[in-house]
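**Q** I'd like to ask some things about the structure below.
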Amino acid sequence: MVTTEASRMPIWRDAYVNLAKTAGLTADEMLLPDGTVQPLWSPVIEHFESLGKSDIRELRQAALRLIHENGITYNVHGDPRGTQRPWELDPVPFVLAAEDWERIQSGLIQRAKLLNLVLNDLYGARSLINEGLLPPELIYSHSEFLRPCAGVDASRELILGSADMARGPDGRIWIVNDRTQAPSGSGYALENRGISTRLFPGLFGRCKVRRLAPFFRSLIKTLNGLSPSKTNDPRIVILTPGPLAETYFEHAYLAAYLGVTLVQGDDLTVRDRRVWLRSLAGLEPVDVIVRRLDSTFCDPLTLRSDSYLGVPGLLEAVRAKNVALANPLGSGVLENPGLMAFLPRIAQHFLGESLLLPSSATWWCGQKNECQYVLANLKDLVIKSIDRSPDLGTIFADRLSAAELQALRDKIKANPDTFVGQERVTFSTLPCLIKEELQPRHAIFRGTFAAIGNGEFAIMPGGLTRAASELGNFDVTARAGGVAKDTWVLGDAPEPFASLWSEEGDRHQLAPDERNLPSRSGENLFWAGRYAERTEGTARVLRRTLQNYFDGISRNDDVQDQQLDILIIALHRVTETLPLSKSAEPGTNVPVNYPEDELLSMLMDRNRIGTLSATLKSFINACYGVRDLWSLDSWRVIDSIDAQWKSLQKSKAVFLFSFPNELNSLITQLMALTGLNLESMTRQAGWLMLDTGRRLERGLLLISLLRSMLLERRGESHDYLTMENFLAASDSLVTHQRRFRSQPNAESVLSLMLLDENNPRSLLYQVARMQNHAVLLPGKKSTGPLCAEDKLLLRANTQLKLCDVRELAQVDPVSGRREHLDKLLKNLATLLTGVSEGMTLTYFSHVKSTSLLG
């Protein structure tokens with residue numbers, strides 16, 4: 001990248017130092033006390049100083065493009081901008097010296113061991129409570145202390161954990177929060193790293209940044225070792241609350257990265273004190289569950305009875321030692337901020353050591369003197385609930401009005417056991433790219449640890465850093481507008497590339513895809529295929545309808561108007577929607593501008609079932625439910641489709657004349673996705689479900705279109721135009737022209753669209769493809785009786801091959817309809833609907849699951 005001297009980033013160091021001084025900042029990670037840049041930051045800062053303003057803009061755009069292409073999101077509920085918020089990454093990394101990292105690593109390992117000992121004690125001997133090192137009220141009043149888990153497993157161990165930390169004005173690293181429930185951040189740290197290495201490939205190597213892959217290799221080895229069955233191929237699953245979880249992207253990303261199965265609660269079941277995966281092949285045993293769900297929601301039978309997210313009977317399977325959990329149920333009690341006040345003494349008790357990484361000063365209000373201190377100094381403290389209550393959160397008391405401060409004081413007095421006060425540590429700042437210059441922002445770094453066996457832990461050499469959006473603000477959360485940063489831990493020498501995967505000698509054959517694919521994922525793929533085809537089919541009919549509408553305006557032709565009415569009726573038949581009243585809007589006296597309002601509604605109304613936007617929304621939801629199964633290229637296409645139509649929804653003015661181009665783009669993107677799936681997905685259970693859904697939906701749409709457009713005889717001129725419109729809406733007009741080289745008639749159209757096995761748009765082609773797929777679906781045997789859906793497909797294939805095109809094309813002189821064609825299409829629609837219902841019973845509902853245990 002070449003820049004001229006005049007276009008370079010302006011000299012900003014004096015401005016940066018003055019801004020820090022003006023804001024009263026006492027510590028900055030980049031600057032020495034005299035205002036000069038620390039040597040370890042020099043390569044990064046020199047790189048940014050070499051960039052011009054246009055280069056900075058290009059850098060930002062490149063980062064945004066990579067985030068968009070990778071589909072990195074964070075769900076923020078109640079956000080007016082929508083639930084899925086794009087990940088925000090500041091390009092400037094947080095640089096840590098090797099000496100600093102050694103201290104952090106030693107401190108995190110010590111803290112992991114200490115928390116592990118505390119966890120075992122609280123659910124075991126409870127010596128800390130018995131000997132007065134912990135007040136019982138602090139533990140027993142915490143919602144994550146789960147009495148049913150006491151004594152469940154004497155060797156319970158924290159597998160994953162993290163700690164939020166920051167550097168104080170004294171230069172020391174302070175722990176702000178412990179995260180032991182289902183700690184997030186590691187997946188986002190990986191994505192941050194992937195983006196930063198693409199933005200600064202040369203700089204990354206010159207700085208000798210340590211790699212993250214070895215940490216995840218240790219993690220997957222640990223998870224394999226947890227398996228009670230001690231097999232070479234334990235079945236590991238990541239249990240997620242689902243697509244609406246705040247960090248669902250990370251759940252899906254880690255599942256794909258680690259090569260394990262992403263599941264929701266209803267994908268699992270407990271039988272005979274064992275956990276089973278409801279896979280497409282039936283019930284498969286689960287050995288290890290990586291829990292990304294709070295403990296209380298994990299087992300509605302024993303814990304929260306109102307939970308729809310967990311697995312009934314899970315705790316009983318854990319008691320029987322038939323499944324391992326990472327982390328153990330009840331580990332969330334260690335996130336109680338009140339524990340921090342007692343950890344120094346507990347460290348001396350268990351380890352005979354002082355804490356290497358101290359916690360910020362903490363006062364638990366359940367103690368009289370401490371409560372009085374908190375109330376007396378309320379405005380200078382940070383107030384937290386011991387339960388991380390979403391209604392309370394973290395309160396910076398200095399920002400409250402007098403009335404709000406008094407209300408908080410009253411809450412503390414009413415329930416002192418549930419509150420803690422913490423010293424408001426003035427965190428150090430980091431340089432962030434604000435517009436086109438570097439400015440200081442307060443930041444917190446999340447360090448992550450993982451057990452590696454025998455009570456030892458590995459620490460990720462890096463992690464998730466979050467910086468506040470405004471100077472002087474300490475709230476770094478995504479909801480408050482905080483941005484993420486990559487964390488560069490510098491080494492002594494460049495590290496060689498490290499793969500996540502095992503060495504050559506450790507390789508073994510994994511279980512077939514259908515044994516690891518949850519039924520829910522198979523169903524989502526099936527419906528993703530159906531909704532993709534339904535979206536494409538609806539878009540094609542709408543595009544042809546709009547073409548006729550615009551042609552009718554220019555010609556003012558009665559025949560064209562009648563064709564428009566035929567197409568709109570076909571559109572309603574295909575989408576199973578009811579037409580808007582031509583006289584007035586439903587429930588109003590406002591006249592409808594027909595057909596403009598009807599067409600706009602069919603295009604844009606997300607709340608009207610069957611419209612293009614509503615179907616597209618269902619397609620995106622089905623795809624998002626199996627986010628971990630799509631390739632990166634496929635997800636880019638899916639995300640692009642979603643972004644295009646969300647942008648249209650936000651437009652203040654939408655006009656019909658703009659939609660042909662939008663529909664062209666949508667159809668092209670859907671065809672691109674089909675091509676990617678055809679060329680990139682292995683022909684295993686997931687692809688079979690996806691393509692079966694497409695073929696089934698294409699067949700049903702074709703039947704609906706045939707019944708609405710070809711059953712009635714409308715006269716020679718009308719029949720010709722109707723058949724031409726039908727072929728165009730079915731993407732077969734060019735094929736017909738090349739095949740017959742004459743204007744379409746009933747026999748030629750039906751021959752091409754019903755019986756041509758070589759036409760990928762014909763009904764017989766769809767049935768034949770589904771038959772081919774059915775043979776390969778899980779549980780099928782080469783010998784023995786046919787299952788219900790196989791019989792239905794065989795009947796459909798036979799009926800099509802035995803039919804007479806001339807007979808189908810004949811018009812009944814009395815009714816004026818093609819009665820033989822109508823009868824055939826009705827039968828075929830019934831058969832294909834039965835295939836869908838049969839697949840649901842066989843693969844998605846697991847009515848037959850119990851027989852698979854024997």
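The values are calculated or read from the model by the stated rules, or taken from the named source; none is laboratory data. Note that this is a predicted model, so its numbers are computed, not measured. Neighbour counts run over all protein chains shown; Cβ positions are idealised from the backbone, glycine included. Accessible surface is based on the protein model in full, side chains and every heavy atom, while ligands, DNA and RNA are left aside. Shrake-Rupley method; radii C 1.70, N 1.55, O 1.52, S 1.80 Å.
**Q** Do any trypsin sites (Lys or Arg not before Pro) in segment 56-143 lie in a loop, going by DSSP, with at most 14 other beta-carbon atoms within 10 Å of their beta carbon, and if so which?
**A** Of the trypsin sites (Lys or Arg not before Pro), the ones in loops of segment 56-143 whose Cβ has at most 14 other Cβ atoms within 10 Å are ARG81, ARG126.
**Q** Report in % the part of the accessible area of the chain that belongs to carbon and sulfur, leaving out ligands and nucleic acids; probe 1.4 Å.
**A** Accessible surface attributable to carbon and sulfur in the chain totals 51 percent.
**Q** Can you give the extra length, in nm with one decimal, that the chain gains between ARG65 and ASN473 once fully stretched, where that is 0.36 nm per residue apart less the Cα-Cα distance?
**A** 144.1 nm
**Q** Averaged per residue, what accessible area in Å² does the chain show with a 1.4 Å probe, protein chains only?
**A** Value returned for the chain: 43 Å² of accessible area per residue.
**Q** When Cα Rg over 2.2 N^0.38 Å is calculated directly from the model, which label among (i) 1.00; (ii) 1.16; (iii) 1.11 fits?
**A** Among (i) 1.00; (ii) 1.16; (iii) 1.11, the one derived from this structure is (iii).
**Q** Alpha carbon centre of segment 698-732 versus segment 459-484: separation in Å?
**A** Here the two parts' Cα centres lie 58 Å apart.
**Q** Write out the cysteines belonging to the chain for which the nearest other cysteine Cβ is not under 4.7 Å, or none if no such cysteine exists.
**A** Lone cysteines by the Cβ rule: CYS149, CYS207, CYS298, CYS432, CYS623, CYS787, CYS803.
**Q** For segment 557-574 and segment 225-282, compute the distance between their C-alpha centroids and round to whole Å.
**A** 50
**Q** Follow-up question, since we're still on this one. Could you give the longest part of the chain that holds none of the chymotrypsin sites (Phe, Trp or Tyr not before Pro) found in DSSP loops with at most 15 neighbouring Cβ atoms within 10 Å?
**A** 1-307
**Q** Skipping prolines and chain starts, which residues have an amide H placed within reach, meaning under 5 Å, of the one on GLY35, given they are 5 or more residues away or on another chain?
**A** none
**Q** For the residue pair ARG271 and ALA493, what label-to-label distance in nm results when each label sits 7 Å from Cα along the Cα-to-beta-carbon direction?
**A** 5.5
**Q** Which entries in LYS617/LYS801; LYS435/LYS652; LYS617/LYS650; LYS780/LYS826; LYS113/LYS221 show an alpha-carbon gap greater than 25 Å? Walk me through the intermediate numbers first.
**A** Working: LYS617/LYS801 37 Å; LYS435/LYS652 28 Å; LYS617/LYS650 15 Å; LYS780/LYS826 29 Å; LYS113/LYS221 19 Å.
Flagged as over cut-off: LYS617/LYS801; LYS435/LYS652; LYS780/LYS826.
**Q** Spelling out what I want: for every residue of segment 460-477, take phi, set θ = phi - 60°, compute 6.51 cos²θ - 1.76 cosθ + 1.60 (Karplus), and round to whole Hz; glycine and proline get x.
**A** Those phi angles translate into 5, x, x, x, 9, 10, 10, 10, 6, 7, 10, 5, x, 8, 9, 7, 9, 5 Hz.
**Q** Sticking with this one: Are there trypsin sites (Lys or Arg not before Pro) in segment 777-843 that DSSP marks as loop and that have at most 14 other Cβ atoms within 10 Å, and which are they?
**A** On the way: sites: LYS780, LYS781, LYS791, ARG795, LYS801, ARG806, ARG817, ARG818, LYS823, LYS826; in loops: LYS780, LYS781, ARG818.
Filter output for segment 777-843: LYS780, LYS781.
**Q** Tabulate in residue order the Karplus-calculated ³J(HN,Hα) for segment 121-130, using 6.51 cos²θ - 1.76 cosθ + 1.60 with θ = phi - 60°, rounded to whole Hz; enter x for Gly and Pro.
**A** Karplus values, whole Hz, x for Gly and Pro: 6, 5, 9, x, 6, 6, 5, 4, 6, 5.
**Q** Another question, if that's okay. In whole Hz, what ³J(HN,Hα) sequence does segment 242-252 give by Karplus (6.51, -1.76, 1.60; θ = phi - 60°), x for Gly and Pro?
**A** Per-residue couplings from phi come out as x, x, 8, 5, 4, 10, 4, 3, 5, 4, 5 Hz.
**Q** Assuming 0.36 nm per residue, please report the length gained on full extension of the stretch SER647 to ASN664 beyond their Cα-Cα distance.
**A** Contour length minus the Cα-Cα distance gives 4.5 nm.
**Q** Between LYS780 and ALA480, what is the label-point separation in nm under the 7 Å Cα-to-beta-carbon projection?
**A** 5.6
**Q** How many nm separate the modelled label positions at SER127 and ARG345, each set 7 Å beyond the Cα in the direction of the Cβ?
**A** Taking the simple label geometry, SER127 and ARG345 are separated by 1.6 nm.
**Q** Additional query: Using 0.36 nm times the number of residues separating ALA829 and ALA414, minus their current alpha carbon distance, what extension gain do you get?
**A** 142.8 nm
**Q** Which of the trypsin sites (Lys or Arg not before Pro) across segment 212-280 are loop residues per DSSP, with 11 or fewer other Cβ within 10 Å? Show your work: numbers first, answer last.
**A** On the way: sites: ARG217, LYS221, LYS230, ARG235, ARG271, ARG273, ARG274, ARG278; in loops: LYS230, ARG235, ARG273.
For trypsin sites (Lys or Arg not before Pro) across segment 212-280 that sit outside H, G, I, E and B with at most 11 neighbouring Cβ atoms in 10 Å, the list reads LYS230.
**Q** Suppose only helical runs count, i.e. DSSP H with n ≥ 4. What mean residue ellipticity at 222 nm does that imply for the chain under -39500 (n - 2.57) per run, divided by all residues and rounded to the nearest 500 deg cm²/dmol? Could the numbers behind the result be given before it?
**A** On the way: 29 runs with 380 residues, N = 854.
It comes out at -14000 deg cm²/dmol, rounded to the nearest 500.
**Q** Please report, in debye to the nearest 20, how large the charge dipole of segment 696-824 is about its Cα centre when each Lys and Arg carries +1 at its beta carbon and each Asp and Glu carries -1 there.
**A** Numbers: 18 positive and 16 negative charges, 81 e Å.
In debye, rounded to 20, segment 696-824 gives about 380.
**Q** Name the long-range amide H neighbours of VAL275: under 5 Å, sequence gap of 5 or more, or other chain; modelled H, no Pro or chain starts.
**A** VAL286
**Q** Give the long-range amide H neighbours of ARG85: residues separated by 5 or more places, or on another chain, with amide H under 5 Å away, using H modelled in the peptide plane at 1.01 Å from N.
**A** TYR74, ASN75, VAL76
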